[in-house]
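Working notes, beginning with the structure itself.
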Amino acid sequence: MGLLDKLAAWLGFKKKEVHVLCIGLDNSGKTTIINQLKPKDSQYEDIVPTIGFSVEKFASSALSFTVFDMSGQGRYRNLWEHYYKDAQAVIFVVDSSDKLRMVVAKDEMDQLLSHSDIKNRRLPFLFFANKMDLREALSSVKVSSMMGLENLQNKPWHICASNALTGEGLHEGVEWLTDQIRSNQKR
Amino acid sequence: MHMLKRDKKDEEDGSSNPYANLEKSAVLQEARTFNETPINPRRCCHTLTKILYIINAEHEGEHLGTTEATETFFAMTKLFQSNDPTLRRMVYLTIKEMANIAEDVIIVTSSLTKDMTGKEDLFRAAAIRALCKITDSTMLQSIERYMKQAIVDKVHAVSSAALVSSLQLMKTSHDVVKRWVNEATEAVSSDNMMVQYHALGLLYHIRKNDRLAVSKLVSKYTRQSLKSPYAVCLLIRIACKLLEEDGAGHDSPMFDFIESCLRHKSEMVIYEAAHAIVNMHNTTARELAPAVSVLQLFLSSPKPTLRFAATKTLNKVSMTHPAAVTACNLDLENLITDVNRSIATLAITTLLKTGSESSVDRLMKQISSFMSEISDEFKVVVVQAIKSLCMKYPRKHPVMMNFLSSMLRDEGGFDYKKSIVDTIISILEENSEAKEAGLAHLCEFIEDCEHTSLAVRILHLLGREGPRVAQPSKYIRFIYNRVILENAAVRAAAVSSLAKFGANCEDLLPSVLVLLERSLLDSDDEVRDRATLYLSVLKQHQKVLNSAYILNALNVSIVGLERALHHYTTEPSDVAFDIKSVPLETQPITEQKTPGDAMQSKTADKIALSRQDIYSEQLSAIPEFDSLGPLFKSSSMPVELTESELEYSVHCIKHTFSNHIVFQFDCTNTLNDQLLENVTIHMDPSDGFEVVNYVPAQCLKYNTPSTTYTCVKVPDDPLSVTSTLSNTMKFLVKDCDPNTGEPDHDGYEDEYVLEDIEVTVCDHIQRVMKPNFGASWEEIGDDNQIEETFALSAKSLAEAVKNIISFLGMQPCERSDKVAEGRSSHTLYLAGVYRGGHDVLVRSRLALMEGAVTMQITVRSTQLSASEVIASAVG
Ligand SMILES: Nc1nc2c(ncn2[C@@H]2O[C@H](COP(=O)(O)OP(=O)(O)OP(=O)(O)O)[C@@H](O)[C@H]2O)c(=O)[nH]1
Ligand SMILES: [Mg+2]
């Protein structure tokens, strides 16, 4: 904690904490994205496939995020639902170069949206069309249409093309999320 | 002090245990708060404690179901967002406890790997332990890299945790852990005591099944002189095990190493080495001496642990090598008054074993001054010391008896009381002068005895021994009191005991009849049935009936009887149940006991009792032997038919049936490049014996024992029952690859000559115990009696007795296998059942004249040919 933060905390201006669930198929880059968002000194050097989940923290301009970074491997996906209830926002990561599995990603998303803990809540959904740097990567517009996002009802959503290795596009997404959550709270 | 006492009492009441009245549902409800934000670490810790309590107090009926557990587990995983160290450690504990009750616990894998590789040293070791607990062999690959790193981590706690967890993982994933040998080896050179110890432990367990690798390991580290005393202790244990397995002598470098540890600078190591040497099977006085002298030094150490350890070990040595301990007597004397009563007890009991007869009284007085202060466990040690003393100094029995009887009156648990009763019984059985005093003490004991099994045993003993003392009537009152005052099991035993007095003593019969009649209306079936049976038998006034139904009861195997009756009821037939078809109870073979091995022979008895039942089961599963009838007898020790360390090893056990003998051959193939098939043992019988059939061993793989049987018919002539049979093992050999065991397609016939097998009189007789030999002798009568006189080659009466017993394989009764010292004549009573179910009794009168033993043998049997076979066998 820097001096300013300490002061802010002492004065009761502590940043608001929010719970975010980060999901998406395996190898889509979830852990890499979150690692990139963390302060430099607590970043990992090498990233391995997640088994189960891991809790990470990072901050944006106005919020402090606690992220449950879930494992995307097939056999762990049915464990996501244990964490739906407390989520205040969802980050859904898609590997935009993996055209073949886009339908699988869509399928997982549809299941998520129809889950009772998600269905009737106005949760903001942030999509990252990740790995934009790869040659075969689809544009975010293309990803959005393959995922059928235009049909997404009653939930604010946003899609960003991103490159988790450089951090490109990530902050745009996080700022969008911050605005959404704050306006949610105002209402 | 007063306060302290009260606190302790409160604890016992349970009133101060805040978790005593937890309700599962309320606690699970509370666990939902794990989902709330922000997390309140203090409250969550408290809730986790309650959950742990519930999991571990399952006996109280609050069982945590899988669904509940899984739900709670997932709620708990959310606590990973808090970095509160206390809470996190509680989370680790909960993960470990729930690993086997909740589902999908691998969900925390990444969270734990993150902690174990993270910066927070406080988390790392605990995270490793939790991680290994939830990881199965399929998941292990994914954390292997981290485990290897952790093993060589520079933080000692991390390295130790990784090593110990690896040891746990070995049980399920030996193959993966095996690959961590290099890391473990590196950890052995750590300068931390625990890490070095744990690393050596892991290395050893990885190689445990490879004898050669283990011995390399030991010789490597004995040369390197490890820093950690714990590691050295472990090395001593490994070396000991190797020595034991190899049967190596004291010239082995392993032994040198252990002995050199006697001069180590750490007391722990010195003790371990001394303890190891003392416990080796083949230790002689020469190796013992240095070990005993370091223990002697410990006896005067200011540290109570060292004094305790040394006394305890010396106490053990004094059973096997009393002479070696005598040197420590002076130091042990000093410990008699040690403030630590456990040490004092061990010291005194050691002295009792090593000291002279004259010191016994003094030591006993000393020990009785603080008997009330020591725990039951040590009281048992005292009792055992008394037991062996009585064997050594029979003349001391009055002192001992008094001491034992006062101990019987003291407070104490079952084990303690049982050991006293055992000791009194064995003293009065060994020593006829002690009999009346012993019985009197036991009578007094059962007046107020809360242990049914002990009361039953004593009543049985009274029934057997009581009628034979000068004035049997004095016991009747004690026994009859039991009939009035006790539970059903004790009443039944008392009724049986009374009946024996009635059967043995004419003058007591009328009163016994009156007393038994009172039990005819007992509320318990068993008691009533016994009283009814005994009354009607006794009223016949026939010695034969008394002997058969009261004094010498059934001698069948209980398991066998149950099986036969079950069979009889499931397959009804018009023929009455034949008690002769039930296999006999096998008598444990009791050698003359030496004071030291009293304990060992106890356990051996148990095995001997069930052995024949096991064989009987195995044989009845083989269809070829269906028609042979019930198993009569199995020979007690397997006979080796091959010299050791040759190509094949074969052991034979003989199973006798009414008209057949089945030879069971347990074969082992010690050649790793051969596979044998269709293995049979061909027997070449003579003397009228005929082979009926063979049951081959289908396949005999390297080092996997297998069994083949040969069934032989006994000659019809009742007098030809002994023979010598020669044997050849025949089989088909297939060469095979020593590594994979893969055999060639074709094989060739081959054979292998084995040593001969003797069939002796022994094989036709089963030992049977007749508690009242005289009554049985009368019962059988002299119809088929044969009497002969022989001169024996034995030099002493004891030797003659031993030879006759082993030759005939019959059960000595009335403790007649013991020859009183200094006598010139002795009578040996033997009982058995001859093949076909005929009772056989032998009375053998022995006389020693001018260094030679002559014997007059009288055989009685319910069948003449049996008498003849036995009488002629000795000649
Ligand atoms: N080229 C490129 N590679 C990326 C990008 N983001 C992630 N990767 C790589 O993709 C691989 C998978 O990344 P992870 O972050 O482990 O993926 P994940 O979604 O967390 O996977 P699971 O934990 O198995 O669900 C890694 O080798 C990353 O280096 C990106 O934007 N561009
Ligand atoms: Mg990941």
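Quick one: count up the residues across region A:40-50 that are within 14 Å of ligand 1 (Cβ to nearest atom) and among the acidic types (Asp, Glu).
2
Only one residue in B:Ala866, B:Ala873, B:Ala852 is buried (at least 23 other Cβ atoms within 10 Å of the Cβ), among the small types (Gly, Ala, Ser) and touching a residue at least 40 places away in the same chain (Cβ under 8 Å), so which one is that?
Answer to the selection: B:Ala866.
Return the residues of region B:35-93 that are surrounded by 17 or more Cβ atoms within 10 Å (Cβ to Cβ) and among the small types (Gly, Ala, Ser); say none if nothing qualifies.
Matches in region B:35-93: B:Ala69, B:Ala75, B:Ser82.
So the check is Cβ under 9 Å with 6+ separation or different chains; which pairs have a first residue in region B:390-401 that's closer than 13 Å to B:Ser432 by Cβ and part of a helix (DSSP H, G or I) and a second one that's open to solvent by 70 Å² or more (accessible area, probe 1.4 Å) and not small (Gly, Ala, Ser)?
The qualifying pairs are B:Pro394/B:Glu430; B:Pro394/B:Glu433; B:His397/B:Glu430; B:His397/B:Glu433.
Any idea which residue in region A:34-56 is nearest to ligand 2 (Cβ to nearest atom), counting only those that are in contact with a Ser or Thr (Cβ under 6 Å, 6 or more places away or on another chain) and over 20 Å from B:Asp84 (Cα atoms)?
Among those residues, the one meeting the criterion is A:Thr50.
Looking at (1) within 16 Å of ligand 2 (Cβ to nearest atom); (2) within 13 Å of another protein chain (Cβ to nearest Cβ); (3) not in a helix (DSSP H, G or I), which is the only condition A:Thr31 fails?
(3)
Could you list all residues from region B:223-243 that are open to solvent by less than 80 Å² (accessible area, probe 1.4 Å) and among the small types (Gly, Ala, Ser)?
B:Ser228, B:Ala231, B:Ala239 - these are the residues of region B:223-243 that are open to solvent by less than 80 Å² (accessible area, probe 1.4 Å) and among the small types (Gly, Ala, Ser).
Pairs needed: first member in region A:61-83, among the basic types (Lys, Arg); second member anywhere, within 12 Å of ligand 1 (Cβ to nearest atom) and open to solvent by 10 Å² or more (accessible area, probe 1.4 Å); C-beta distance under 8 Å; at least 6 residues apart or different chains.
Every condition considered, the pairs that remain are A:Arg77/A:Glu108.
Take B:Val582 and tell me if it is at pLDDT 60 or above, β-branched (Val, Ile, Thr), surrounded by 13 or more Cβ atoms within 10 Å (Cβ to Cβ) and farther than 27 Å from B:Lys418 by Cβ.
Taking the combined requirement at face value, the residue satisfies it.
Scan region B:241-284 residue by residue and report those that are part of a helix (DSSP H, G or I) and of a type in the set (Lys, Arg).
Answer for region B:241-284, where residues must be part of a helix (DSSP H, G or I) and of a type in the set (Lys, Arg): B:Lys241, B:Arg263.
I'd like to check which helices (runs of 4 or more DSSP H) are fully inside region A:57-156 and have at least 2 residues that are open to solvent by less than 50 Å² (accessible area, probe 1.4 Å), within 16 Å of ligand 2 (Cβ to nearest atom) and more than 14 Å from chain B (Cβ to nearest Cβ).
Helices (runs of 4 or more DSSP H) meeting the threshold: A:102-113.
Has region B:656-666 got at least one residue that is in contact (Cβ under 8 Å) with a residue 24 or more places away in the chain, of a type in the set (Ser, Thr, Tyr) and closer than 30 Å to B:Lys580 by Cβ?
Yes, some residue in region B:656-666 is in contact (Cβ under 8 Å) with a residue 24 or more places away in the chain, of a type in the set (Ser, Thr, Tyr) and closer than 30 Å to B:Lys580 by Cβ.
Of all residues in region B:106-138, which are within 16 Å of ligand 1 (Cβ to nearest atom) and in contact with a Ser or Thr (Cβ under 7 Å, 6 or more places away or on another chain)?
Within region B:106-138, B:Ile107, B:Val108, B:Ser110, B:Ser111, B:Lys114 qualify.
Residue under question is A:Phe53, and the condition is that it be in contact (Cβ under 8 Å) with a residue 12 or more places away in the chain, within 16 Å of ligand 1 (Cβ to nearest atom) and of a type in the set (Phe, Trp, Tyr); does it hold?
Answer is yes for this residue.
For region A:26-39, give me each residue that is within 7 Å of ligand 1 (Cβ to nearest atom) and either touching a Cys at 6+ places or on another chain (Cβ under 7 Å) or open to solvent by 10 Å² or more (accessible area, probe 1.4 Å) (or both).
A:Asp26, A:Asn27, A:Gly29, A:Lys30, A:Thr31, A:Thr32 - these are the residues of region A:26-39 that are within 7 Å of ligand 1 (Cβ to nearest atom) and either touching a Cys at 6+ places or on another chain (Cβ under 7 Å) or open to solvent by 10 Å² or more (accessible area, probe 1.4 Å) (or both).
Restricting attention to region A:36-54, does a residue exist that is within 12 Å of chain B (Cβ to nearest Cβ), under 23 Å from B:Val105 (Cα atoms), at pLDDT 90 or above and assigned to a strand (DSSP E or B)?
Taking every residue of region A:36-54 in turn, at least one turns out to be within 12 Å of chain B (Cβ to nearest Cβ), under 23 Å from B:Val105 (Cα atoms), at pLDDT 90 or above and assigned to a strand (DSSP E or B).
Evaluate region B:375-386: report whether one residue or more is β-branched (Val, Ile, Thr), open to solvent by less than 10 Å² (accessible area, probe 1.4 Å), assigned to a helix (DSSP H, G or I) and under 22 Å from B:Val456 (Cβ atoms).
yes
Can you tell me which residues in region B:639-667 are among the β-branched types (Val, Ile, Thr) and surrounded by fewer than 17 Cβ atoms within 10 Å (Cβ to Cβ)?
B:Val639
Let's see how each residue does on (1) part of a helix (DSSP H, G or I); (2) over 32 Å from the mean Cα position of the chain (by Cα); (3) crowded, with 18+ Cβ neighbours inside 10 Å:
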residue: B:Val177; (1), (2), (3): yes, yes, yes
residue: B:Trp180; (1), (2), (3): yes, yes, yes
residue: B:Ser190; (1), (2), (3): no, yes, yes
residue: B:Val195; (1), (2), (3): yes, yes, yes
residue: B:Leu200; (1), (2), (3): yes, no, yes
residue: B:Val214; (1), (2), (3): yes, no, yes
residue: B:Leu217; (1), (2), (3): yes, yes, yes
residue: B:Tyr221; (1), (2), (3): yes, yes, yes
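Please specify each residue of region B:118-137 satisfying the condition of being within 11 Å of another protein chain (Cβ to nearest Cβ) and open to solvent by 70 Å² or more (accessible area, probe 1.4 Å).
B:Lys119 - this is the single residue of region B:118-137 that is within 11 Å of another protein chain (Cβ to nearest Cβ) and open to solvent by 70 Å² or more (accessible area, probe 1.4 Å).
Only one of B:Thr305, B:Thr284 is hydroxyl-bearing (Ser, Thr, Tyr) and within 26 Å of B:Met371 (Cα to Cα). Can you tell me which?
B:Thr305
May I ask you to list the residues in region B:673-690 that are of a type in the set (S, T, N, Q) and modelled with pLDDT of 90 or more?
B:Asn678, B:Thr680, listed by residue number.
Taking region B:354-373, which residues are over 20 Å from B:Pro398 (Cβ atoms) and crowded, with 20+ Cβ neighbours inside 10 Å?
Residue satisfying the conditions is B:Thr354 alone.
Checking B:His264 against (1) open to solvent by 60 Å² or more (accessible area, probe 1.4 Å); (2) within 30 Å of B:Leu242 (Cα to Cα); (3) modelled with pLDDT of 90 or more, which single condition isn't satisfied?
Of the numbered conditions (1) open to solvent by 60 Å² or more (accessible area, probe 1.4 Å); (2) within 30 Å of B:Leu242 (Cα to Cα); (3) modelled with pLDDT of 90 or more, the odd one out for B:His264 is (1).
Looking only at region B:522-567, which residues are of a type in the set (Ser, Thr, Tyr) and not in a helix (DSSP H, G or I)?
Correct list: B:Ser523, B:Ser557.
The values are calculated or read from the model by the stated rules, or taken from the named source; none is laboratory data. Here the structure is a predicted model, which is why all the values come from computation and not from measurement. With ideal geometry, Cβ positions are generated from the backbone for all residues, glycine too; neighbour counts draw on all protein chains shown. To get the accessible areas, we keep the full protein, side chains included, count just its heavy atoms, and leave off ligands, DNA and RNA. Shrake-Rupley method; radii C 1.70, N 1.55, O 1.52, S 1.80 Å.
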